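The values are calculated or read from the model by the stated rules, or taken from the named source; none is laboratory data. This structure is a prediction, so every number in the text was calculated from the model and none was measured. FYI the Cβ positions are ideal-geometry reconstructions off the backbone, even for glycines, and counts take in every protein chain you see.
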Amino acid sequence: MASSRLRTQFFSDVIFNRGIFLSEVQLRRYSSHFVYTADSEKTTSNGTKSKMNMFQAINNALDIILKSDSKAIIFGEDVGFGGVFRCTLDLQKRYGKHRVFNTPLCEQGIIGFGIGAAVAGSTAIAEIQFADYIFPAFDQLVNEAAKYRYRSGNLFDCGKLTIRTPCGAVGHGGLYHSQSPEAYFAHTPGLKVVVPRGPIKAKGLLLGCIRDPDPCLILEPKVLYRAAVEQVPEADFQLPLGKADILIEGTDITLIGWGTQVHVLKEVATVLKDSYKVTAEVIDLVTILPWDVTTICKSVCKTGRVLVAHEAPMTSGFGAEIAATIQENCFLNLHAPVARVTGADTPFPCIFEPFYLPTKWRCLEEALKLLDY
């Protein structure tokens, strides 16, 4: 078990130099957002695998859908030439402008069109260029797409609508290109919200979303598009929605995250094991809505301590829902209050991004507090 003395000494060495803050360059080095580690999990496919980064895996999934489903269409701003992050690269060349096409710069129109296309029978795959710009389409998603099946008494639905959008910090995005809006949509019955942690998950979850009977929003951490590289099955495969993944098993503390934050927490688990002889259980929530309450609560009842980390601001972030559910279901098993390490309740900064993000050092410090509680 970690001691207060060890924790204090560790952070004195890392953050301070005899009581004086380190230089900004040094602090950026110590506060590096994450180190990506490839997925080692087995998928449903045992066939040929290829080395792909995350945008290539997404492109591969979209190619599979366009090839196998003649009613599938892809649309959004600049998707015709591949999009800002190249996820739709060459798809228009292969399948034509009637199936992969650009739209006006109008997010409300993109989602409104997608709802209509899905209701009419198309497999509609919309791209919102950045998650920060999804808010003009908020009404269409929350009041129309999510409620279409319910308000028609199951006579009609837009379950063949999938919305892809890049989210999260990228190192230089600033306040309009770095947000993580998952909590806004987690409050909406009728939608499903998914966040992949790497190429294998991105491909399998995207295919799962497209074929799901409900409208799905898949938030893709943009910094992983090129940083994340794995051996991805070339064949068609789907991964389940609503099921969390236990990436590292442990008995002393549960660390919960999604998207990029999963890799931060895996680093924290390594430091805890190597430096403090503490075993941490690391869980990727994978699906924000619906989320896997059973897996989370089972882990918390085993460890008695839990930390939730996400890039979005703390107030009303999805970590609050997780904390409330754990308190309700696991209260007598807790050895310490549920901790959250998150972004600040401010607009996302640019040059001060290292201070805003829930880095491994911030998460480690909070984990040590839980262990000493």
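Within the range 99-124, how many residues are buried (at least 16 other Cβ atoms within 10 Å of the Cβ) and within 24 Å of the chain's Cα centre (by Cα)? So the count comes out to 7.
For the range 189-242, taking the residues that are more than 26 Å from Tyr148 (Cβ to Cβ) and among the acidic types (Asp, Glu), the one that is surrounded by the fewest Cβ atoms within 10 Å (Cβ to Cβ) is identified as Glu234. Taking the listed residues Phe318, Phe355, Phe331, the one that is of a type outside the set (S, T, N, Q), assigned by TED's automatic domain parsing to the domain that holds Val293 and without any contact (Cβ under 8 Å) to a residue 12 or more places away in the chain is Phe331, with no other qualifying. Screening the candidates Ile65, Ile58 for the property of being under 24 Å from the mean Cα position of the chain (by Cα) and farther than 30 Å from Glu353 by Cα yields one hit, Ile65. A Cβ distance below 7 Å, combined with a sequence gap of six or more or placement on separate chains, defines the contacts here; from the range 287-307, residues that are within 21 Å of Leu370 (Cα to Cα) reach residues that are among the small types (Gly, Ala, Ser) and part of a loop (DSSP other than H, G, I, E, B) in the pairs Thr295/Ala244; Ile296/Ala244; Thr303/Gly250; Arg305/Ala336. Here the condition is being part of a helix (DSSP H, G or I) and in the same structural domain as Met54 (by TED's automatic domain parsing); of Phe156, Phe138, it holds for Phe138 alone. Is it the case that the range 79-98 has a residue that's touching a Ser or Thr at 6+ places or on another chain (Cβ under 8 Å), in a strand (DSSP E or B) and surrounded by 18 or more Cβ atoms within 10 Å (Cβ to Cβ)? No, the conditions are met nowhere in the range 79-98. Taking the criterion of being within 20 Å of Ala312 (Cα to Cα) and crowded, with 24+ Cβ neighbours inside 10 Å, the residues of the range 261-286 that qualify are Gln261, Val262, His263, Val264, Leu265, Val268, Val282, Ile283, Asp284, Leu285, Val286.
Picking from residues in the range 200-233 that are within 12 Å of the chain's Cα centre (by Cα) and in a helix (DSSP H, G or I), the one that is farthest from Ile65 (Cα to Cα) is Leu224. Taking the range 240-282 as the range and being charged (D, E, K, R), in contact with an Asp or Glu (Cβ under 6 Å, 6 or more places away or on another chain) and closer than 19 Å to Leu334 by Cα as the test, the residues that pass are Glu249, Glu281. The C-beta contact set for the range 128-143 (first residue farther than 22 Å from Leu175 by Cα, second residue in a loop (DSSP other than H, G, I, E, B) and aliphatic (A, V, I, L, M), distance under 9 angstrom, 6+ apart or interchain) comprises Leu141/Ile134; Leu141/Leu191; Val142/Leu191. Screening the candidates Glu311, Glu321 for the property of being surrounded by 22 or more Cβ atoms within 10 Å (Cβ to Cβ), within 13 Å of Ile256 (Cα to Cα) and acidic (Asp, Glu) yields one hit, Glu311. Within the range 211-238, residues that are over 26 Å from Gly159 (Cα atoms) have Cβ atoms under 8 Å from residues that are among the acidic types (Asp, Glu) and surrounded by 18 or more Cβ atoms within 10 Å (Cβ to Cβ) in these pairs: Glu230/Asp39, counting only partners at least 6 apart in sequence or on another chain.
If you go through the range 248-259 and keep only what is in contact (Cβ under 8 Å) with a residue 40 or more places away in the chain and surrounded by fewer than 22 Cβ atoms within 10 Å (Cβ to Cβ), you end up with Gly250, Thr251.
A quick yes/no check of all residues on (1) modelled with pLDDT of 95 or more; (2) in contact with a Pro (Cβ under 7 Å, 6 or more places away or on another chain); (3) of a type outside the set (Gly, Ala, Ser); (4) not assigned by TED's automatic domain parsing to the domain that holds Glu311:
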site	(1), (2), (3), (4)
Leu66	yes, no, yes, yes
Ile74	yes, no, yes, yes
Gly80	yes, no, no, yes
Ile110	yes, no, yes, yes
Ile134	yes, yes, yes, yes
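If you go through the range 63-78 and pick out every residue that is touching a Phe, Trp or Tyr at 6+ places or on another chain (Cβ under 9 Å) and either surrounded by fewer than 16 Cβ atoms within 10 Å (Cβ to Cβ) or part of a helix (DSSP H, G or I) (or both), you end up with 3.
Of everything in the range 284-301, what is assigned to a helix (DSSP H, G or I) and touching a helix residue (DSSP H, G or I) at 6+ places or on another chain (Cβ under 8 Å)? Give them in sequence order. Break it down into steps so the answer makes sense when it comes.
Start the filter on the range 284-301 by keeping residues that are assigned to a helix (DSSP H, G or I), which leaves 293-301.
Those that are assigned to a helix (DSSP H, G or I) and touching a helix residue (DSSP H, G or I) at 6+ places or on another chain (Cβ under 8 Å): Val293, Ile296, Cys297, Val300, Cys301.
For the range 116-154, a residue qualifies if it is farther than 19 Å from Val100 by Cβ and aliphatic (A, V, I, L, M), and the qualifying residues are Val119, Ala131, Ile134, Ala137, Leu141, Val142, Ala145, Ala146.
Residues in the range 344-360 that are crowded, with 21+ Cβ neighbours inside 10 Å and in a helix (DSSP H, G or I): Lys360 only.
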